[in-house]
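One structure is given below, encoded as structure tokens.
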Amino acid sequence: MRRISFLLVALAGFGTAALTGLAVGKSNTTLIVQKNTKDTMKSNKLENVVATKGGLPLYMLTGDTKKHHECTKANGCFAVWKPYTVPKGTTPTKATGIKGKLSVLKRNGFSQVVLGKHPLYMYLGPPADTKGVSNGDGISSFGGTWHLIPDPPSGGSGTTTTMSTNTTTSTYTYPTYP
């Protein structure tokens, strides 16, 4: 009888651990603050920006919102600006200090992460971003201007929507994509 009780307690413990693992697996920290990111479009100025868990800088496009898409697969935008996605059924989370509501936009068969009202993207280049290096800030293309998401966000409101008023002049010539 004592062995059966011990076995039941052990099985209950393993079951709880398995369920906890499943719950944790469904909620990954998808947004972090990447410290001292070099912004090559601003003469290698160091900034703290919102980034992927792996440290790649994330961008938003002015005029591109959850309800109005400027960046689409049809206009070739996805070939250069990859939507930042999470696996189906995953709830994205953010590191402490990142302001703005985090949500998911279901489009084109994937779940894109949205911060504030803006879908998030990664820059594929040329040259592509790397951990701690940003190459896409200030590029004007696909109906708007691409901006890094600073930490803390500017404007004092704590949401990325205030960033759409930022303007940056870039000497970068954006390549034509089919």
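Observations on the model:
- Considered as a group, the residues in region 94-110 that are of a type outside the set (A, V, I, L, M) and in contact with a Leu (Cβ under 7 Å, 6 or more places away or on another chain) include one that is farthest from Gly55 (Cα to Cα), and that residue is Gly100.
- Scanning region 53-98 for residues that are in contact with a strand residue (DSSP E or B) (Cβ under 7 Å, 6 or more places away or on another chain) and of a type in the set (Phe, Trp, Tyr) gives Tyr59, Trp81, Tyr84.
- Considering residues of region 29-54 that are outside any strand (DSSP E or B) and exposed (fewer than 15 other Cβ atoms within 10 Å of the Cβ) only, the residue modelled with the lowest pLDDT: Ser43
- Among residues of region 79-92 being polar (S, T, N, Q) and crowded, with 16+ Cβ neighbours inside 10 Å, the one that is nearest to Ser140 (Cα to Cα) is Thr85.
- Applying the condition of being part of a strand (DSSP E or B) and aliphatic (A, V, I, L, M) to region 55-78 and asking which residue is farthest from Ser141 (Cα to Cα) yields Met60.
- Region 107-124 residues that are in contact (Cβ under 8 Å) with a residue 12 or more places away in the chain, paired with ones that are of a type in the set (Gly, Ala, Ser) and surrounded by fewer than 19 Cβ atoms within 10 Å (Cβ to Cβ) (beta carbon under 7 Å, 6 or more apart): Val114/Ser103
- Selection from region 66-86 of residues that are farther than 19 Å from Tyr123 by Cβ and in contact with a Lys or Arg (Cβ under 9 Å, 6 or more places away or on another chain): Lys66, Lys67
- Flag for Pro83 being under 18 Å from Ser134 (Cα atoms), out of contact with any Asp or Glu (no Cβ under 8 Å at 6 or more places or on another chain) and touching a residue at least 24 places away in the same chain (Cβ under 8 Å): yes
The values are calculated or read from the model by the stated rules, or taken from the named source; none is laboratory data. Because the structure is predicted, anything quoted here is derived from the model rather than measured. Reconstructed Cβ throughout: ideal geometry from the backbone, glycine too, with neighbour counts over all protein chains shown.
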